[in-house]
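Before any comments, here is the structure.
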Amino acid sequence: MCDDRKVIGFWISEKKRQKLNWSEFERVCAKNGFTLRMVDLNPNIKNQGRVDVFVHKLTNTLAIAEHGDQNAKTIISRIQEFIKKRSEMIVIDPLENVNNLQNRHKCYKIMRNALQHDDVFAPNFVEFKSTNIEENLSLLKRKNVKFPFLCKPLLAQGSTDAHKMMVIFNKDGLEDCQVPCVAQDFINHNAILYKLYVVGDKFHVVERPSLKNFYTKDCLTSNTIFFNSSDISKCDSNSKLSIISDEDKNLTVKPNFETFQWIVRTINKAFGLTLIGIDVVIENHTKKYAIIDVNIFPSYDGYPHFFEQLIECIKKLIDQKVARLNSNSNSNKCLSDDLDSGFESDEKRRSLKELRLSNDTKNDSSAIP
């Protein structure tokens, strides 16, 4: 008997699978009639048999390949060939779209162009390519990035260094910037970060600790603050960098779920991705929402029933694909029917014309004396 179950292929590192408790996903797949199979990255990757859906987390490999690692380049090349040979396969997510999140400067430009909302914005930013202090000061002024600002590595995904950041308070701190990097306006947000974990058109909001507020007066006396963003924003983080004053606590804003919905729809459309994390803060004085980062296939830590939601998303993608195929098939059928109907109409018209001529001839003949 033929096994007609849909096959979900995956290529995700063992470390990521352990964090996600991947064996639970195997159980959920089996329960919902799917076969889960790891894609083998050997030279015969294109001969792997049926794969209906391909789920991957390739950011580490993409990052290493970007830095010239030949083995990583080979892996990416094989996967690209694997995807190319299966044009009917659903890919979560397309590599070309994932690449838009690898580079923070490129990511922020896409965000800036997508956000057309009075209460949602992307903080000002600029890329540093040089260690020349005066040149970087000029760039800051040109792009309206003010002290204090966040200094982030240009590479946003696939490396532990991507989380190593700084708060730069003044001109002296510019010496600490390690190029290539991005300078991004620091937004005072009362040390509250909202992580929007997105699965297709669904999402879940997790509140995390973040950096405290910094003001202009801090720029006169403070030295550069070095921190790891993943450490600061852990759910159990207890960093002194997250402690705010009682005065600032009074400025805390309760988030609006509808605004989060708008952000998810807009970012989904802008990047064309299924599995993403959106980092959002609310500016304490203006109450506006700032999107400070977008991540591919995040941890989903705190997302209830994530695997069930992922399977539902995959089912929906499959249904949408089937609907498109049926729509195209029906369109072709309608076009064919229209052509046939036209042909039949022409035949009918010719037959009727011939019949009328025959009758006219008969009538004329009977009139002759």
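A few remarks follow.
- Note on ASP40 and THR221: with the Förster distance fixed at 56 Å, the Cβ-Cβ geometry gives a FRET efficiency of about 0.45.
- Contact order relative to length of the chain, as percent, for alpha carbon pairs under 8 angstrom and 6 or more apart: 15
- Gaussian network model of the chain, Cα within-10 Å springs - most flexible of ILE225, ILE79, ILE90: ILE225
- 0 to 90° range, to nearest 10: angle between helix 70-84 axis and the chain longest Cα axis: 30
- Taking each residue as 0.36 nm, the span from LYS202 to GLU134 lengthens on full extension beyond its C-alpha to C-alpha distance by 19.9 nm.
- Viscosity 1.002 mPa s, temperature 20 °C, Stokes-Einstein D of the range 48-176 from Kirkwood C-alpha radius, µm²/s: 124
- Shape class for the range 205-317: prolate, because the ratio a/c of the largest to smallest gyration tensor axis (alpha-carbon atoms, square roots of eigenvalues) is 1.5 or more and a/b beats b/c.
- Label-zone membership for the range 176-204, site LYS316, 7 angstrom Cα→C-beta point, backbone N under 17 Å: 196-204
- Gained length - LYS141 relative to LYS254, 0.36 nm times residue gap less alpha-carbon distance: 37.4 nm
- Net lengthening on full extension, HIS285/SER87 (0.36 nm per residue, minus Cα-Cα): 66.3 nm
- Taking label points 7 Å from Cα along the Cα-to-Cβ direction, GLN80 and TRP262 give a separation of 3.9 nm.
- The range 20-63 - Rg (one decimal) and Dmax (whole number), Cα, Å: 12.5, 35
- Anisotropy class of the range 27-117 from Cα gyration tensor, a/c 1.5 cut: oblate
- Cβ-derived FRET efficiency at R0 41 Å, ASP118 paired with SER245, nearest 0.05: 0.90
- Cα gyration tensor, the range 76-150 - rounded (a/c under 1.5), prolate or oblate: oblate
- Overall dimensions of the chain by Cα: Rg and Dmax, Å: 29.4, 125
- Backbone N within the range 106-149 under 13 Å of label point (7 Å from ASN170 Cα along the Cβ vector): 147-148
- Applying 1/(1 + (r/R0)^6) with r as the Cβ-Cβ distance of LYS234 and SER23 and R0 = 35 angstrom yields a FRET efficiency of 0.90.
Every read-out reported here was derived from the displayed coordinates using simple, explicitly stated rules and does not represent laboratory data. All of these numbers come straight from a predicted model, not from anything done at the bench. No Cβ is skipped: glycine too gets one built from the backbone with ideal geometry, and neighbour counts run over all protein chains shown.
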